[in-house]
Amino acid sequence: MQKEDLAFFQKWFSDYITDFYSSDPFVRENIELKAEHTKKVCENILLLAKAEKLGENESLLAETVALFHDLGRFEQFLKYKTFKDSESENHAVLGVKILKKAGILSHLVPEESDIILKAVEYHNLMEIPEATSNFPELLFYSRLIRDADKLDILRIICEDYEEEDKCPNPALELYLPDTPEYSKAVIEDIMNNRMAKIKDVKNRNDVKLLRLTWVFDINFPETFSLLKETRYLEIIMSSLPKTEEIRKVIRHLEAYLEKQLLKKQSC
Ligand SMILES: [Fe+2]
């Protein structure tokens, strides 16, 4: 892949999303949020690419995956006014359909366009499909985008929590109620170092806990360093109810993160 290819994709993306800017402030806010998210995920993936010492071509491919990973979000929000895939459609699959229909990847070599399409498709799955382990390159880029994406979703959430004067964006909290309890199943997942399941998420505390369980699906040492540096996890943790059970969960997560950082240092 060449620099010119990425420049062409960036121009195409920027023209594509222009059509989605609506005069409705609610739609506009969320379209802007996804445009900014895409930009930040591109930056994140380049940080990870650098830490992984990728060459120029590999970095261009990684940035293209990041550029298109949430392409489906724009049509999804305009059509359904929600980012909830369960109440609309799978935005990753939608993004792949849009890319195929536009035909813009056709001048890349098939290996590259396949990686882009599959990595986009897999970015929001609970797990990368098992069979991907037979395709090390695809597995690598799928892992890269999942880490870069998670890093920026955590940024968006933390910024929303920290802007106290502003009403929280309900789309970020999946339109769930702000009630004081939390799901036992999610707590159990954390204590067993597992990602929580969306079906167990019933209120905003569960959403926060679910996002904390993403640490169990982080693939690159640099992502753990960036998480520590940005303090996103700390901000989410400090917004949880101050119960003994939650304190125990936080201690467990902190110990897990510390272990991952030590692993990086010993490499
Ligand atoms: Fe996404």
Go ahead and set up a Gaussian network model of the chain, Cα springs under 10 Å, then flag whichever of Glu244, Glu36, Glu89 fluctuates most.
Glu244
Simple SL model, points at 7 angstrom along Cα→Cβ for Ser106 and Ser225; separation in nm is 4.2
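Just to confirm, what accessible area per residue do you get for segment 29-99 at 1.4 Å probe, in whole Å²?
Per-residue value: 39 Å².
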Low-density loop positions, GluC sites (Glu not before Pro), segment 92-155 - DSSP coil, at most 12 other Cβ in 10 Å
Glu127
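I need the Kirkwood Rh of segment 1-83: take the reciprocal of the average 1/r across all distinct C-alpha pairs and report it in angstrom. Let's see the in-between values first.
Values: mean 1/r = 0.0738 Å⁻¹.
With all distinct Cα pairs of segment 1-83 included, I get 13.5 Å.
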Bins of 5 Å from zero: percent of alpha-carbon pairs in the chain
1, 5, 12, 17, 19, 17, 14, 9, 5, 2, 0, 0
In nm, the gap between the two label points placed 7 Å beyond Cα toward Cβ at Leu176 and Ala255 is 2.5
In degrees between 0 and 90, to the nearest 10, how far off the longest principal axis of the chain does helix 56-68 point, with axes built from Cα atoms?
70
Roughly what angle does helix 25-51 make with the longest principal axis of the chain, taking Cα atoms, 0 to 90 degrees, to the nearest 10?
80
Could I have the simple spin-label model distance between Gln265 and Glu127, label points 7 Å from Cα toward Cβ, reported in nm to one decimal?
3.2
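Convert 37 °C to kelvin, take the viscosity as 0.692 mPa s, use the Kirkwood radius over C-alpha pairs of segment 176-266 as Rh, and evaluate the Stokes-Einstein diffusion coefficient in µm²/s, rounded to a whole number.
Values: Rh = 13.4 Å.
The calculation lands on 244 µm²/s.
Could you give me D for segment 3-150, from Stokes-Einstein at 37 °C and 0.692 mPa s, where the hydrodynamic radius is the Kirkwood radius over C-alpha pairs? Units µm² s⁻¹, please.
The Stokes-Einstein estimate is 211 µm²/s.
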First measure r as the distance between the Cβ atoms of Glu245 and Glu87, then evaluate 1/(1 + (r/R0)^6) with R0 = 41 Å and state the FRET efficiency to the nearest 0.05.
0.85
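Of Lys97/Lys197; Lys53/Lys100; Lys53/Lys81; Lys34/Lys197; Lys81/Lys184; Lys242/Lys264, which pairs sit farther than 28 Å apart, going by alpha carbon to alpha carbon?
Checking Cα-Cα distances, Lys53/Lys100; Lys53/Lys81; Lys81/Lys184; Lys242/Lys264 exceed 28 Å.
Between Arg28 and Asn192, 0.36 nm times their residue separation minus their Cα-Cα distance comes to what?
Numbers: separation 164, 0.36 × 164 = 59.04 nm, distance 3.99 nm.
Between Arg28 and Asn192, full extension yields 55.1 nm more.
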Pop out the ³J(HN,Hα) list for segment 217-233 in order, Karplus 6.51 cos²θ - 1.76 cosθ + 1.60 with θ = phi - 60°, rounded to Hz; leave Gly and Pro as x.
10, 8, 9, 10, x, 4, 5, 5, 4, 5, 5, 5, 4, 7, 6, 4, 5
Cα atoms only, segment 68-134: Rg and Dmax in Å?
12.7, 38
Taking Cα atoms of segment 103-256, Rg/Rh with Kirkwood Rh, to two decimals?
1.02
Over the chain, with every protein chain in place, what whole percent of the accessible area is carbon and sulfur at 1.4 Å, could you tell me?
54
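The values are calculated or read from the model by the stated rules, or taken from the named source; none is laboratory data. Just so it is clear, the structure is predicted and the values come from calculations on it, not from any experiment. Ideal geometry is used to build each Cβ from the backbone, glycine not excepted, and the neighbour counts take in all protein chains shown. Just the protein is used for accessible areas: all its heavy atoms, side chains included, with ligands, DNA and RNA removed. Shrake-Rupley method; radii C 1.70, N 1.55, O 1.52, S 1.80 Å.
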